[in-house]
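Working notes, structure below.
The values are calculated or read from the model by the stated rules, or taken from the named source; none is laboratory data. Not measured: the values here are computed from a predicted model. In this analysis, Cβ positions are derived from the backbone assuming ideal geometry, glycine residues included, and neighbour counts consider all displayed protein chains. Please note that ligands, DNA and RNA were not included when accessible areas were found on the heavy atoms of the full protein model with its side chains. Shrake-Rupley method; radii C 1.70, N 1.55, O 1.52, S 1.80 Å.
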Amino acid sequence: MFPQRSNIYSPNSSAVLNNGYYISGKKMRRRKQEEERFVDVCAAMQGNLVFSDPVNLQISGKFEGNLTIKGNLIIGKDAEVKADIVGENIIIAGSIKGKIKASLMLKLASTAQVTADIEAPKVCIEEGAIFNGKCKMFQQKLSVAELSEYLSIEEGKIREWVDNGRIPVEREGKKLLFDPKEVGAWISQKEVQ
């Protein structure tokens, strides 16, 4: 539908159509929709949730259990969560108790109330947020010991995967380094034994 304008179409005017296209002059182009869509869970849930494919998830209700997510997670300002969370980008605006591991970034909004041990390479805590717990910020590259702790897997098993060429690794002399993003992608593609 065209916005209300004069009935005369001139080459310098533009109009938006129902299908998201717009006309500018004589050219027709697709309007970019950069609006991200989130799955908003506004209910009481309990259990183990695993999202192995990228997803944008927002929890606005109550959740108790374990949550593993690839993609973006938002704990809404009215949410009450008691969980161990492993994810990539995590934003917390509500109340959470448990453990949080973010492979890319963790942000506590000004309304956040967090009682948890957190691990992330990047942490942002806004003024007004309440945080009680331990914070461990790892480098972008993880050592064998850090990866072992992060994945809760014995160092020997990780070294076995390295020796068999099963896990992405970088070598700096004798030092083995792991990119959390690459390891996350590897885990989602392979079944870890």
Problem set entry | Test item: Cα-centred dipole of the stretch 46-131, Lys/Arg +1 and Asp/Glu -1 on Cβ, debye | 40 debye
For this session: Sort the stretch 54-161 into rounded, prolate or oblate with this rule: let a ≥ b ≥ c be the square roots of the eigenvalues of the Cα gyration tensor; rounded if a/c is under 1.5, and if a/c is not under 1.5, prolate when a/b is larger than b/c, oblate otherwise.
Result: prolate
Exercise. For Glu155 and Thr115, what is the calculated FRET efficiency with R₀ set at 22 Å and r taken between the beta-carbons, to the nearest 0.05?
Worked result: 0.15
Exercise. For the stretch 53-154, which whole-number percentage of the solvent-accessible area (1.4 Å probe, protein heavy atoms only) is attributable to carbon and sulfur atoms?
Worked result: 48 percent
Exercise. Given the protein chains as shown and a 1.4 Å probe, how many square angstrom of Cys135 are accessible, to the nearest 10?
Worked result: 70 Å²
Problem set entry | Cleavage-rule hits (GluC sites (Glu not before Pro)) in the stretch 112-158: DSSP loop, at most 16 neighbouring Cβ within 10 angstrom | Glu126, Glu127, Glu154
Exercise. On average, how much accessible surface per residue is there in the stretch 60-118, in Å², for a 1.4 Å probe, leaving out ligands, DNA and RNA?
Worked result: 38 Å²
Problem set entry | Cα gyration tensor, the stretch 40-111 - rounded (a/c under 1.5), prolate or oblate | rounded
Problem set entry | Links that overshoot a 27 Å alpha carbon limit, given the list Lys77/Lys141; Lys97/Lys136; Lys136/Lys157; Lys82/Lys157 | Lys77/Lys141; Lys82/Lys157
For this session: Kindly state, to the nearest 0.05, the FRET efficiency for Met137 paired with Leu49, given R0 = 25 Å and r defined as their beta-carbon distance.
Result: 0.45
